[in-house]
Amino acid sequence: MSGSVTLLMAIHCHQPVGNFGFVFEEAYAKAYEPFLRVLERHPAVRLALHYSGSLLDWLSANRPDFLARVRALVARGQVELLASGYYEPILPLLSEEDRQGQLAAMQEALRRRFRTSASGLWLTERVWEPQLPATLARAGIRYTMIDTNQFMLAKPWLPASLQVHDDAFWDVLGCYVTDDAGASVVVFPASKRLRYWMPFQPVERTLEFFQRLRREEDVAITFADDGEKFGLWPKTHHWVYEEGWLDRLFTALEREGAWLRTATFREYLERSRPNGGVYLPSGSYEEMLEWSGGHFRNFFTKYPEANAMYQKMLRVSQALRSCPVNRVPRTGKETGVTVNGKRYTVNEALKLATYELYAGQCNCAYWHGVFGGLYLAHLRRAVYAHLIAAEELANRLKKTAVSMAAEDADGDGLDEVRLTTPVMGLVVDPADGGTITEWDLYRPRINLLDTLSRRREPYHQKLTATREPAAVPAGAAPPSIHDVLGVKEDNLTSHLVYDDHRRSAFLDYAFQSMPSLQEVVRATWGERRLWSPGSYQWDGKTRQARRPAHLEARMTRSLPEGVIRKRIRVSTTRQVVDCLYELDGPCAPVVGLEFNLSLRDERHLAAARHHGVAAAFEVAEPAVGVRLAMAVDPPAELLSFPVETVSESEGGLERTYQGLCLVCLWTLSGARKWAARVRWTAQAP
């Protein structure tokens, strides 16, 4: 066999927008820097690297010398840098304008920081949809990497000689052309076998596999995976660097260079032609398809909270596209806006808002798999912060400071009500119980209702069977993160509680008798309910005074015994929201209103509490400078508890704080006409 084997490697390094600084530091120390150090010692090893924009920003601010080292590797031709959307978005989820903007932002950063441009793409989470070739070709991208499982439906039309079946894996060698609307790109099948073996199998086993790939003709195989697995994943730093796995791999690649080559993807395509054509369905890597139920967009059905962020992102994007540009008054001087004390022209402000939008498109908080993702409140908060900043700027540029409008804010085909003032914005969903599903404060850039319900996850079933992980023998490779289910604390099974509703605000209930604190906490009060949240009818009135003191959404729900009325009144000058609730006819022994808040108040984290009869309550998070005061009229029995989920992360299962639930309960004593008001007043910078 005279043919050679070319190993094409793409290493992707990313930390999400909003991640903690110490996580960036640890990833740098354990994975990014040592990987580069080993690569520098092996100049004959060629590969592609990808650094997301959020990581590049951190490196530029904190480790500029690292970027200089990468630039040197690029200059000597050892490393090819890959593009992506700058803030690591899932490209198919964006408008075409945003796709092109994100890709252009990354190309500009590569030119500025590394004096290069990219013709290859790291496809975020390898989420592929068939219309992407047109997007990529338009942006000057010629090739990308897609997992082999996505090639399965095309198996009969792929060259039989380039398909490898053994060790329970199926590999496809070479690369292939695909197109959309007359635009084509090359796709490289990324091996699942190599993704599972590297670095979790001895170098010798991987080399023996490469030897089996030899043919009469030259062939290529692609490895594409996360850089964090080389040092940051549990127990990998010791194995990869201290035990020398990566150094042994690179040494072997150099030693076997007569038949086993490494190359950048750009180099490979300069000397080799694609091995045919292929058309691929929507998909991603196998684990992602398991987590998402077969299609990435299913996350937005499984998690309404993820859908709320996604739909807000789309709304903000559309709002920015409709903003005026180059607005020059008759005086000849361009108008502008002031942001954080600095004056911007309209176009400068629009660019600033656009980059806020791009940062809010970072994918990690929109889904959940083996890492925390959506369950990590600080990632969701960061996404909302950027989207709120972009939305507030769009409102100012369009001069729509005060408005109340009907629009489908969550993509369910039904209208919600959006109330906007210069200081805050709310979304009210009449069909979902007349609840408030979003409450944004513009100055601190926070969604006060950014919470998450407690849901069943597949790994919860494994929790009761979890045992202490077996010790890794000295000199042996650590297990892959896909094979490990750790537990960060004892007695987690007692925290497996599941909700039957989305944890929003202004939910209403009627009960046969007063529920106990534990029934409220553990969501077992269902049998006591006389009615649960149901659909309300908004009166549809949007007419308002030229300078109204408040905006008000009025809603009604009809029951056989009478009607329930809800009014949500928003001050147009202050951060005040009134929730007015009225029964006219229905008789209930006990009525309850539920509010779920995203603030983290240390006073209310330890345990559930029964506060007795109260007319006022306060929640504050000093770190973000927000304080909420609740006034209740008439006074109510007040219960509170921290909403905590049990979710999976790199280090194992753990409890994660998602918000504070407050429940107001009133005993009505047979009254058929009754009303209550809960007023929320926010104090923020």
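Within segment 234-286, the set of residues being aliphatic (A, V, I, L, M), touching a Phe, Trp or Tyr at 6+ places or on another chain (Cβ under 7 Å) and closer than 30 Å to residue 134 by Cβ comprises 269, 278, 280.
Would you call residue 244 of a type in the set (Gly, Ala, Ser), in contact (Cβ under 8 Å) with a residue 24 or more places away in the chain and in the same structural domain as residue 146 (by TED's automatic domain parsing)? When the stated conditions are applied, residue 244 does not pass them. Here is the figure for segment 555-571: residues that are surrounded by fewer than 21 Cβ atoms within 10 Å (Cβ to Cβ) and in contact with a His (Cβ under 9 Å, 6 or more places away or on another chain) total 2.
Conditions (1) of a type in the set (Asp, Glu); (2) part of a loop (DSSP other than H, G, I, E, B); (3) within 19 Å of residue 123 (Cα to Cα), marked per residue:
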site: 233; (1), (2), (3): no, yes, no
site: 239; (1), (2), (3): no, no, no
site: 262; (1), (2), (3): no, no, no
site: 266; (1), (2), (3): no, no, yes
site: 269; (1), (2), (3): no, no, yes
site: 294; (1), (2), (3): no, yes, yes
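Looking across 379, 426, one residue alone is modelled with pLDDT of 95 or more and in the same structural domain as residue 571 (by TED's automatic domain parsing). It is 426. Among residues of segment 643-685 being of a type in the set (A, V, I, L, M, F, W, C) and touching a His at 6+ places or on another chain (Cβ under 7 Å), the one that is surrounded by the fewest Cβ atoms within 10 Å (Cβ to Cβ) is 646. The single residue among 583, 599 that is of a type in the set (A, V, I, L, M) and farther than 30 Å from residue 376 by Cβ turns out to be 583.
Results for (1) more than 12 Å from residue 232 (Cβ to Cβ); (2) hydrophobic (A, V, I, L, M, F, W, C), shown as yes or no for each residue.
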residue	(1), (2)
18	yes, no
28	no, no
35	no, yes
39	yes, yes
48	yes, yes
55	yes, yes
58	yes, yes
61	yes, yes
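Just checking, does segment 294-314 include any residue being touching a Gly at 6+ places or on another chain (Cβ under 8 Å), in contact (Cβ under 8 Å) with a residue 24 or more places away in the chain and closer than 27 Å to residue 74 by Cβ? Within segment 294-314 (the criterion being touching a Gly at 6+ places or on another chain (Cβ under 8 Å), in contact (Cβ under 8 Å) with a residue 24 or more places away in the chain and closer than 27 Å to residue 74 by Cβ), the answer is no, since none of the residues qualifies.
Exactly one residue among 109, 118 is touching a helix residue (DSSP H, G or I) at 6+ places or on another chain (Cβ under 8 Å) and either assigned to a loop (DSSP other than H, G, I, E, B) or not assigned by TED's automatic domain parsing to the domain that holds residue 211 (or both), and that residue is 118. If only residues of segment 360-389 that are small (Gly, Ala, Ser) and surrounded by fewer than 24 Cβ atoms within 10 Å (Cβ to Cβ) are counted, the one that is nearest to the chain's Cα centre (by Cα) is 373. Once segment 621-636 is narrowed to residues that are buried (at least 19 other Cβ atoms within 10 Å of the Cβ) and touching a residue at least 60 places away in the same chain (Cβ under 8 Å), the residue that is farthest from the chain's Cα centre (by Cα) is 628. Of the residues in segment 43-62, at least one is among the β-branched types (Val, Ile, Thr) and in contact with a strand residue (DSSP E or B) (Cβ under 6 Å, 6 or more places away or on another chain).
Output yes when any residue across segment 335-358 is assigned to a loop (DSSP other than H, G, I, E, B), touching a Lys or Arg at 6+ places or on another chain (Cβ under 9 Å), at negative phi and not polar (S, T, N, Q), and no when none is. No, every residue in segment 335-358 fails to be assigned to a loop (DSSP other than H, G, I, E, B), touching a Lys or Arg at 6+ places or on another chain (Cβ under 9 Å), at negative phi and not polar (S, T, N, Q). Scanning segment 572-591 for residues that are in a strand (DSSP E or B) and either surrounded by fewer than 21 Cβ atoms within 10 Å (Cβ to Cβ) or hydroxyl-bearing (Ser, Thr, Tyr) (or both) returns 576, 578, 580, 581, 582, 584, 590.
Could we say that residue 48 is closer than 22 Å to residue 248 by Cβ, outside any strand (DSSP E or B) and in contact with a helix residue (DSSP H, G or I) (Cβ under 8 Å, 6 or more places away or on another chain) here? The answer is no for residue 48. Of all the criteria given as (1) surrounded by 15 or more Cβ atoms within 10 Å (Cβ to Cβ); (2) closer than 30 Å to residue 43 by Cβ, the one not satisfied by residue 273 is (1). Of all residues in segment 215-227, those that are at pLDDT 95 or above and either of a type in the set (Gly, Ala, Ser) or over 18 Å from residue 143 (Cβ atoms) (or both) total 4.
Within the bounds of segment 595-606, is there any residue that is more than 25 Å from residue 444 (Cα to Cα) and not hydrophobic (A, V, I, L, M, F, W, C)? No, because not a single residue in segment 595-606 is more than 25 Å from residue 444 (Cα to Cα) and not hydrophobic (A, V, I, L, M, F, W, C). Starting from residues that are among the basic types (Lys, Arg) and either touching a strand residue (DSSP E or B) at 6+ places or on another chain (Cβ under 8 Å) or touching a residue at least 40 places away in the same chain (Cβ under 8 Å) (or both), keep the ones in segment 197-223 and report whichever is nearest to residue 166 (Cα to Cα). Of everything passing the filter in segment 197-223, 212 is nearest to residue 166 (Cα to Cα). Apart from one condition, residue 114 fits all of (1) in contact (Cβ under 8 Å) with a residue 24 or more places away in the chain; (2) within 22 Å of residue 362 (Cα to Cα); the exception is (2).
Just a yes or no: is a residue in segment 147-157 acidic (Asp, Glu) and in contact with a helix residue (DSSP H, G or I) (Cβ under 6 Å, 6 or more places away or on another chain)? For segment 147-157, residues acidic (Asp, Glu) and in contact with a helix residue (DSSP H, G or I) (Cβ under 6 Å, 6 or more places away or on another chain): present. Hey, any hits in segment 93-111 for a residue that's within 29 Å of residue 5 (Cβ to Cβ) and crowded, with 17+ Cβ neighbours inside 10 Å? For segment 93-111, residues within 29 Å of residue 5 (Cβ to Cβ) and crowded, with 17+ Cβ neighbours inside 10 Å: absent. Within segment 643-674, being in a strand (DSSP E or B), of a type in the set (A, V, I, L, M, F, W, C) and within 18 Å of residue 613 (Cβ to Cβ) holds for 662, 663, 664, 665, 666, 674. For segment 390-409, the candidate set comprises residues that are of a type in the set (Asp, Glu) and surrounded by fewer than 23 Cβ atoms within 10 Å (Cβ to Cβ); within that set, the residue that is farthest from residue 458 (Cα to Cα) is 407.
Yes or no, residue by residue, for (1) farther than 30 Å from residue 408 by Cα; (2) in contact with a His (Cβ under 9 Å, 6 or more places away or on another chain); (3) modelled with pLDDT of 80 or more; (4) buried (at least 22 other Cβ atoms within 10 Å of the Cβ):
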site	(1), (2), (3), (4)
431	no, no, yes, no
434	no, no, yes, yes
447	no, no, yes, yes
455	no, no, yes, no
458	yes, no, yes, no
461	yes, no, yes, no
471	yes, no, no, no
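Where strands (runs of 3 or more DSSP E) sit wholly within segment 485-566, those with at least 1 residues that are among the aliphatic types (A, V, I, L, M) and farther than 17 Å from residue 663 by Cβ occupy 550-559.
The values are calculated or read from the model by the stated rules, or taken from the named source; none is laboratory data. Here the structure is a predicted model, which is why all the values come from computation and not from measurement. A quick note on method: Cβ atoms are made from the backbone with ideal geometry, for glycine too, and the neighbour counts reach across all protein chains shown.
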